[in-house]
1. Would a scan of the stretch A:374-381 turn up a residue that is open to solvent by less than 10 Å² (accessible area, probe 1.4 Å), modelled with pLDDT of 95 or more, away from chain B (no Cβ under 14 Å) and assigned to a helix (DSSP H, G or I)?
2. Looking at the stretch A:76-94, which of its residues are of a type outside the set (Gly, Ala, Ser) and either free of Cβ contacts under 8 Å to residues at least 24 places away in the same chain or surrounded by fewer than 17 Cβ atoms within 10 Å (Cβ to Cβ) (or both)?
3. Inspect the stretch B:119-130 for any residue being closer than 22 Å to B:Leu203 by Cβ, open to solvent by less than 50 Å² (accessible area, probe 1.4 Å) and in a strand (DSSP E or B) and give the result as yes or no.
4. For residues that are within 7 Å of chain B (Cβ to nearest Cβ), within 22 Å of B:Gly326 (Cα to Cα) and either in contact (Cβ under 8 Å) with a residue 40 or more places away in the chain or in contact with an Asp or Glu (Cβ under 6 Å, 6 or more places away or on another chain) (or both), tally how many sit in the stretch A:333-346.
5. Look at the stretch A:5-54 and say how many of its residues are part of a loop (DSSP other than H, G, I, E, B), of a type outside the set (Asp, Glu) and open to solvent by 30 Å² or more (accessible area, probe 1.4 Å).
6. For the stretch B:42-79, give me each residue that is at the interface with another protein chain (Cβ under 10 Å from one of its Cβ atoms) and part of a helix (DSSP H, G or I).
7. For residues that are exposed (fewer than 13 other Cβ atoms within 10 Å of the Cβ) and either at the interface with chain A (Cβ under 10 Å from one of its Cβ atoms) or charged (D, E, K, R) (or both), tally how many sit in the stretch B:285-302.
Amino acid sequence: MKFAVKAWSNGSARAGVVQLGNFPHPIETPCLLLSTRKGLPFFISPDLLPSLPSPDSHLLQVCPLHFLEGLSPKTISNSGGLHQMLGLHDYGLAAVTRDSIQCLPEYNSTNKVGASFETPCGRLLIKPVEYMELISSMRPNIWATLADEVPTWVSDKRNRTSVDRTVRWLDDCIALSPAGGAVFGAIVGGSNVEERRRCAQEVAKRNVSGYWIGGFGLGESRDERPALLNTITDILPEEKPRLICGLGLPEEVLQGVASGIDLFDSVYIYHLTLGGFALTFPLNGVDENESNFQLSDIGSDRTKINLRATVYRKDTSPIVEGCCCYTCQNHTKAYINHLLNVHEMLAQTLIEIHNTHHYLGFFRAIREAIKSGNFEQFHRQFIEGRRNCVAVAAVHA
Amino acid sequence: MALRFEILGRFNRARAAQLTLPHFVCQTPLFMPVGTQGTIKGLATNQLEEIGCQIILGNTYHLALRPTSELIDELGGLHQFMNWPRALLTDSGGFQMVSLLHLADITEKGVTFQSPVDGKPMLLTPEESIQIQNRIGADIIMALDDVVKTTITGPRIEEAMYRTLRWIDRCIAAHKRPHEQNLFGIVQGGLDPVLRDICVRGLVDRNLPGYAIGGLAGGESKDSFWRVVAQCTAALPEDKPRYVMGVGYPLDIVVCSALGADMYDCVYPTRTARFGTALVPEGVLKLKHNAMADDTRPIDPTCACMVCRTYSRAYIHCLVTKDAMGSQLLSYHNLYYMMKLSRDLHTSIIEGRFPEFVCNFLRMMFPKGDVPEWVCNAMEVAGIDISSCCSPLSSSQD
Ligand SMILES: [Zn+2]
Ligand SMILES: [Zn+2]
């Protein structure tokens, strides 16, 4: 993996490119890693994947623990690794244990020998050596070291322990690491600025290709986030990429970008899709039709619409007029509303395709703002636009 | 009549034809996957086209409940609603009611049932069934018939057969779009050859665009099953398509095609996928089985589908019955298998090598030569020599 920063905007926000050995096209950052279940997007089958914008959609986040449900590392290895097993030869795969959906860190059971997770096949204690066995069999392009992730409400002592362990496991993982694959050192520290700094400083000393920032989206308030993020990114060397998990909403992504984060997970899209929500917000945050907002916009909070809402029963328009995704090119809101009503899986497939497409477009808009030096303005406009929407909605409520 | 049926090739009773429907030119024999609610198990319509689906079946009963036939009509018909450019077929709704609802009761007026929405008694008449199907707008619509379990015997069978004949006239009279939609009549009569004969003759008199053989695949013996199919296909007109309803096991399709049937539908390929079973030339492959966990071969090494080209049995094993993607991928493969089977039947008949195809099919499925006796009997009637794939023991029993 190669990474280079190409442009800065307003201090920390940066645009760059990631280049992966098996995929000839550079992928521009900031960008979204598509969340997966066992290596494939939740509802988008592999033959529909190429309909998503390329190369933006070519980074997938994979949780190694998913494969423990039925596949041994030996079988994965015999299959030739994940790229081969999944038939995703020109995709970049980033292995991270946290998936926020089915494999949640179970910090109470984590101990000095390994990290504990609640998974579909029960609670698992993963030691660095086992974790590295998985990574070796999977041969991902990028992998994060094993972390002891804790929520913000644990004691200072427990939070300190989590930093100590994460740094120790980082050394263990690096010592056991196979050839190939970019190592991303895990950074934790909860909502304690001092611990975040200590962890980032330790990890920055190690020989890693990038950084994985964990412990976010686990109870910290949105207001305390910029200080925590800036503390970390100020310490990290500029030339290496930074991947974060746990920031999902558009506003949260913008916070991360403002602090110099390059790669984001997309669990947010999964939750929207399951709920029947489709993203509709204008990609630059400014809605030209602001004044046209009417009471009839039920089922919408102006960033997304709830396709289950009865107003869409006869709506023969696409989710977003002018959207060039497979879903909007082929299907109406009325059809998706019907599929949701009768619990047909195609609903999730179509919604996931649109939402992924839409969010990739949002990231593209962010990159363009950075490259033109206007990120701060873009960020402010987006937040104000959202605030106005909420205000208008409140007036009409 | 809104179809054209041209026979392109024959082998004895078997035929390969081109069926031109308002929305698609189909090649028969053909299998129709069941898309109950206007979709098939997570598959996008472009995937269904890629798999080679020619006609999709929609269930009138389900569609009439949600999103309702009025809404489908208002939004331009089912083709437009689900964005499916190829052909569609809807059933009458009667069978679904009788099989899904405990309180369905059939009288001369129609099928009385308890509304699943508010519990009130409702009535589906032949006129209404056709009206609903006219609104949905499928290329082929089915007459409302009096459905009786094949395992029932006695006067009820006779009553149902005569009622089906009386209702066909009401269906024909109610049909408002005969130039855009083809109304198929359904042959009833249980396992009684006399009743089946009366029903076939009655329906043929009405000169319908096509005919279905109903009341089968309901638990009758395989021997009774093929004999009814053989009798009906022999009596139905040559120049009209023949559809055996609810039939979907690959072996049954091969036998029925040998006997001169053209169309089939069944939920089997997608339903069995949901339980982790793949259709393969040898029969079935149970992906849930622990032996699959380290098997790095494709589901079917001879299959050219996207799933077999990409994934190992081990990976599918890890997905099936746990993740949505598992049943999606297996459904894809199973439907591909059925479409390939349809294509193979069609081309082998046209190319004059139908008996070889049947023998190879049977040899794969019964490598020990233990071809079931009913298959041997049916093939004899079909005039197809399968002695080369039957073991000496079983052929001496014939
Ligand atoms: Zn779209
Ligand atoms: Zn296949």
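The values are calculated or read from the model by the stated rules, or taken from the named source; none is laboratory data. This is a predicted model, so every value here is computed, not measured. In this analysis, Cβ positions are derived from the backbone assuming ideal geometry, glycine residues included, and neighbour counts consider all displayed protein chains. All accessible areas refer to the heavy atoms of the entire protein, side chains included, with ligands and DNA or RNA removed. Shrake-Rupley method; radii C 1.70, N 1.55, O 1.52, S 1.80 Å.
1. In the first step, residues of the stretch A:374-381 are kept if they are open to solvent by less than 10 Å² (accessible area, probe 1.4 Å); the result is A:375.
From the residues that got through so far, the ones that are modelled with pLDDT of 95 or more too are A:375.
Next, only the ones that are away from chain B (no Cβ under 14 Å) stay: A:375.
Keeping just the survivors that are assigned to a helix (DSSP H, G or I) gives A:375.
Yes: one or more hits.
2. Filtering the stretch A:76-94 for residues of a type outside the set (Gly, Ala, Ser) gives A:76, A:78, A:82-86, A:88-91, A:93.
If the condition is that a residue be of a type outside the set (Gly, Ala, Ser) and either free of Cβ contacts under 8 Å to residues at least 24 places away in the same chain or surrounded by fewer than 17 Cβ atoms within 10 Å (Cβ to Cβ) (or both), then A:Asn78, A:Gln84, A:His89, A:Asp90 are the ones that fit.
3. Here is the first cut: in the stretch B:119-130, the ones closer than 22 Å to B:Leu203 by Cβ are B:124-130.
From what's left, open to solvent by less than 50 Å² (accessible area, probe 1.4 Å): B:124-126, B:129-130.
Okay, now just the ones that are also in a strand (DSSP E or B), so B:124.
Yes, because at least one residue in the stretch B:119-130 is closer than 22 Å to B:Leu203 by Cβ, open to solvent by less than 50 Å² (accessible area, probe 1.4 Å) and in a strand (DSSP E or B).
4. To start, the set of residues in the stretch A:333-346 that are within 7 Å of chain B (Cβ to nearest Cβ) comprises A:334-335, A:338-339, A:341-342, A:344-346.
Adding the requirement that they be within 22 Å of B:Gly326 (Cα to Cα) leaves A:339, A:342, A:344-346.
Still in the list and also either in contact (Cβ under 8 Å) with a residue 40 or more places away in the chain or in contact with an Asp or Glu (Cβ under 6 Å, 6 or more places away or on another chain) (or both): A:345.
Here the count works out to 1.
5. Just the residues of the stretch A:5-54 that are part of a loop (DSSP other than H, G, I, E, B), to begin with: A:10-12, A:21-22, A:30, A:33, A:36, A:38-39, A:41-48, A:52-54.
Checking which are of a type outside the set (Asp, Glu) leaves us with A:10-12, A:21-22, A:30, A:33, A:36, A:38-39, A:41-46, A:48, A:52-54.
With the extra rule that they be open to solvent by 30 Å² or more (accessible area, probe 1.4 Å), the set shrinks to A:10-12, A:21-22, A:54.
So the answer is 6.
6. Filtering the stretch B:42-79 for residues at the interface with another protein chain (Cβ under 10 Å from one of its Cβ atoms) gives B:42-47, B:50, B:62-63, B:65-68, B:71-72, B:74-76.
Scanning the stretch B:42-79 gives B:Thr45, B:Asn46, B:Gln47, B:Glu50, B:His62, B:Leu63, B:Leu65, B:Leu71, B:Ile72, B:Glu74.
7. Result for the stretch B:285-302: 2.
Quick grid of which residues meet (1) within 16 Å of ligand 2 (Cβ to nearest atom); (2) in a helix (DSSP H, G or I):
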position: B:Cys303; (1), (2): yes, no
position: B:Arg309; (1), (2): yes, yes
position: B:Ser327; (1), (2): yes, yes
position: B:Lys340; (1), (2): yes, yes
position: B:Arg343; (1), (2): yes, yes
position: B:Phe357; (1), (2): no, yes
